Amino acid sequence: MFENMSWGKTNRIYQIVNQRDDRCLMLAIDHGYFMGPTHGMETPRQDTLKLITHIDALMLSPGILTSCIDPHWRSVGWVLRATGGNSILDEDIDNESLILQAEEAVRMNASGVAVSIYVGAEHQHQTLINLSNMINQAAKFDLPVLGVTAVGKRLSDKREKRYLSLASRIAAEYGADIVKTYYCEGFEEVVTKCPVPIVVAGGARLNTPRDVLELTYNAIQCGAIGVDMGRNIWQYEYPAAILQAVKAIIHGKASVKEAADILESQSVASNCRKPLFEAGDENIKD
Ligand code: 5RP
């Protein structure tokens, strides 16, 4: 799948993607870079501890890597968020610049870097140039780049195949090694029209855990290599349980029913998230 890459880039890619099946279970915990202490991920060190054994890679911001992840730990890959510059208090969140340089990412032993693009948004141009700049920098270090097709607030209804095909293809044309985008009706077309592998985001919490399993299953059936999912894992009552169910679909070829059985059997007290703070609808709707 990742042919024609240099040794260094191939090696880093396979810190993110499981070499046994070329699939990827990435846990996104980078939300704090614009959402602050997001519900379910208020204490990243503790909140990821029980989850890290089930994943291939983490997607996270540089400060959370250095403050919350033990440097002795090298069992998963990490993809560092490299764009930012705003917060949910802004009108929209597309006014982004690079907040991390490739050289710094390599100093942190990153397996890759993630750059968001906001196609069709007010700051589209600037975010595409961010992607281009990072791809040029990263090439010097054989550092993989994950292109993230973000939608922000104004474009949040754009999660349909025409738009997602456009944004994913643009990210690939610029040279992203993997594209992260949203699942949609007719997703197979998005995958087919994107020449590099795709992972899907989860988005805000879905209504039921079965919806999460179905989204994962359908995305894989349509050709995605995996997920890069956050809130639908760690905002769930039993994060380690739903993660194992998602993993069974991605790496174990499980059906939705088989994954649901795993979810049920793992939904035990030891996997239960113990909320530290009260959360209202306003904390989970974003
Ligand atoms: C936004 C992002 C997020 O920061 C995050 O990684 C998304 O994860 P999820 O939507 O599954 O909570 O990439 O574009």
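No lab work stands behind these numbers, since they all come straight from the coordinates. Only a predicted model underlies this, so the values are computations on that prediction, with no experimental measurement involved. Every residue, glycine as well, gets a Cβ built from its backbone with ideal geometry; the counts of neighbours run over all protein chains shown.
Using amide H atoms built 1.01 Å from N in the peptide plane, name the residues 5+ places from Leu58, or on other chains, whose amide H lies under 5 Å from its own.
Counting only residues 5 or more places away or on other chains, the set is Leu27, Gly77, Trp78, Val79.
Pull out the extension gain between Asp157 and Met108, defined as 0.36 nm times the separation in residues minus the alpha carbon to alpha carbon distance; nm, one decimal. List each step's numbers first, then the result.
Working: separation 49, 0.36 × 49 = 17.64 nm, distance 3.59 nm.
Taking Asp157 through Met108 to full extension adds about 14.1 nm, to one decimal.
Which GluC sites (Glu not before Pro) does segment 60-127 hold that lie in a coil by DSSP with at most 11 other beta carbons within 10 Å? Don't skip to the answer; put the middle values down first.
Working: sites: Glu91, Glu96, Glu103, Glu104, Glu122; in loops: Glu91, Glu96, Glu122.
Taking segment 60-127 and a limit of 11 other Cβ atoms within 10 Å, the loop GluC sites (Glu not before Pro) found are Glu91.
Which is the longest part of the chain that has none of the trypsin sites (Lys or Arg not before Pro) sitting in a DSSP loop with at most 13 other Cβ atoms within 10 Å? Numbers along the way, then the final one.
Working: sites that count: Arg20, Arg74, Lys140, Lys153, Lys253, Lys285.
Between the exposed loop sites, the longest stretch runs 154-252.
If the limit is 23 Å between Cα atoms, which of Lys153/Lys253; Lys140/Lys193; Lys158/Lys193 go over it? The partial results should precede the final answer.
On the way: Lys153/Lys253 35 Å; Lys140/Lys193 28 Å; Lys158/Lys193 17 Å.
Going by Cα-Cα distance, Lys153/Lys253; Lys140/Lys193 fall outside the 23 Å limit.
List the lysines whose alpha-carbon lies under 17 Å from that of Lys50, not counting same-chain residues fewer than 8 positions away?
Lys247, Lys274
Could you check the simple spin-label distance between Phe277 and Lys253, using points 7 Å along Cα→Cβ, in nm with one decimal?
Here the answer is 4.5 nm between the modelled labels.
Between segment 52-121 and segment 209-260, what's the alpha-carbon centroid distance in Å?
Taking the Cα centre of segment 209-260 as reference, the centre of segment 52-121 is 22 Å away.
If you build the Cα gyration tensor of the chain and take the root of 5 times each eigenvalue, what three semi-axes come out, in whole angstrom, biggest first? Don't skip to the answer; put the middle values down first.
Numbers: eigenvalues 133, 87, 83 Å².
Value: 26, 21, 20 Å, ordered largest first.
Using the Cα centre of the chain as origin and beta-carbon charges of +1 (Lys, Arg) and -1 (Asp, Glu), tell me which of Gly252, Ser132, Ala219 is placed farthest towards the positive end of the dipole.
Gly252
Compute the distribution of all C-alpha to C-alpha distances in segment 79-238, in bins of 5 Å from 0, and list the percent of pairs in each, rounded to whole numbers.
It works out to 2, 10, 18, 21, 21, 16, 9, 3, 0, in whole percents.
How long are the three semi-axes of the equivalent ellipsoid of segment 34-118, in whole Å, if each is the root of 5 times an eigenvalue of the C-alpha gyration tensor, listed from largest down?
23, 17, 10
Below 8 Å between Cα atoms, with a sequence gap of 6+, how large is the relative contact order for the chain in percent? Don't jump to the answer; show the numbers that get you there.
Values: 542 pairs, mean separation 47.7, N = 286.
It rounds to 17 percent for the chain.
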